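First comes the structure, then the notes that go with it.
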Amino acid sequence: MKSHVRSRWQGAILVCRKCSKKLKGGFGYDGKQPIAKVLRKALDGGKGRKARMGIVEVGCLDICPKGAVTLIDTAHPDEWLVVKAGTTVDDLTKRLGR
Ligand code: FES
């Protein structure tokens, strides 16, 4: 068994799955896409190691905002983001600095 596996990830964004589920979408051009899906498309991201950016859904992060999703950019683990439903992809990527 290998002790290391290479990945193309240049970073990772953790997305609260429970926040997303409560919104039933909330993002994308029609406001019906989950934020993880929008981020995967915008940042060439995914769950697999061949993606450029890891976009990983995780359990509740104990922030539980209303009408928003909690995200953690692992490049800035000391500053969690609360992203309101309806935030555009451009605003989101700008806020993430990516
Ligand atoms: S439901 Fe998302 S932080 Fe708790």
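The values are calculated or read from the model by the stated rules, or taken from the named source; none is laboratory data. Everything numeric in this text was worked out from a predicted model, so none of it was measured. For neighbour counting, all protein chains shown are included, and Cβ atoms are generated from backbone atoms with ideal geometry for every residue, glycine included. The accessibility values were calculated without ligands, DNA or RNA, using every heavy atom of the protein model including side chains. Shrake-Rupley method; radii C 1.70, N 1.55, O 1.52, S 1.80 Å.
Counting only DSSP H runs of at least 4 residues, each contributing -39500 (n - 2.57), and dividing by the residue count of the chain, the helix-based mean residue ellipticity at 222 nm comes to -6000 deg cm²/dmol.
Pairs to check: LYS24/LYS84; LYS22/LYS47; LYS47/LYS84; LYS22/LYS66; LYS22/LYS84; LYS18/LYS94. Give those whose C-alpha atoms are more than 19 Å from each other in this structure. Each step should come with its number before you reach the end.
Details: LYS24/LYS84 13 Å; LYS22/LYS47 21 Å; LYS47/LYS84 23 Å; LYS22/LYS66 9 Å; LYS22/LYS84 12 Å; LYS18/LYS94 24 Å.
Long pairs (Cα-Cα over 19 Å): LYS22/LYS47; LYS47/LYS84; LYS18/LYS94.
Among DSSP bridges having both ends in the chain, what percentage is antiparallel? Round to the nearest 5.
Roughly 55 percent of the DSSP beta bridges within the chain come out antiparallel.
Sorted largest first, the principal axis extents computed over the alpha-carbon atoms of the range 46-89 equal 33, 23, 18 Å. Surface composition of the chain: carbon and sulfur make up 52 percent of the accessible area, probe 1.4 Å. Based on Cα contacts under 8 Å between residues 6+ apart, the chain shows a relative contact order of 33 percent.
With only Cα atoms counted, the chain has Rg and Dmax values of 13.4, 45 Å. Solvent-accessible area per residue in the chain equals 67 Å², computed with a 1.4 angstrom probe and all protein chains kept. For the charge dipole of the chain, defined by +1 on Lys and Arg C-beta atoms and -1 on Asp and Glu C-beta atoms about the Cα centroid, which residue among GLY25, PRO65, HIS4 has the Cα displaced farthest towards the positive pole? It is HIS4, whose Cα lies furthest towards the positive end.
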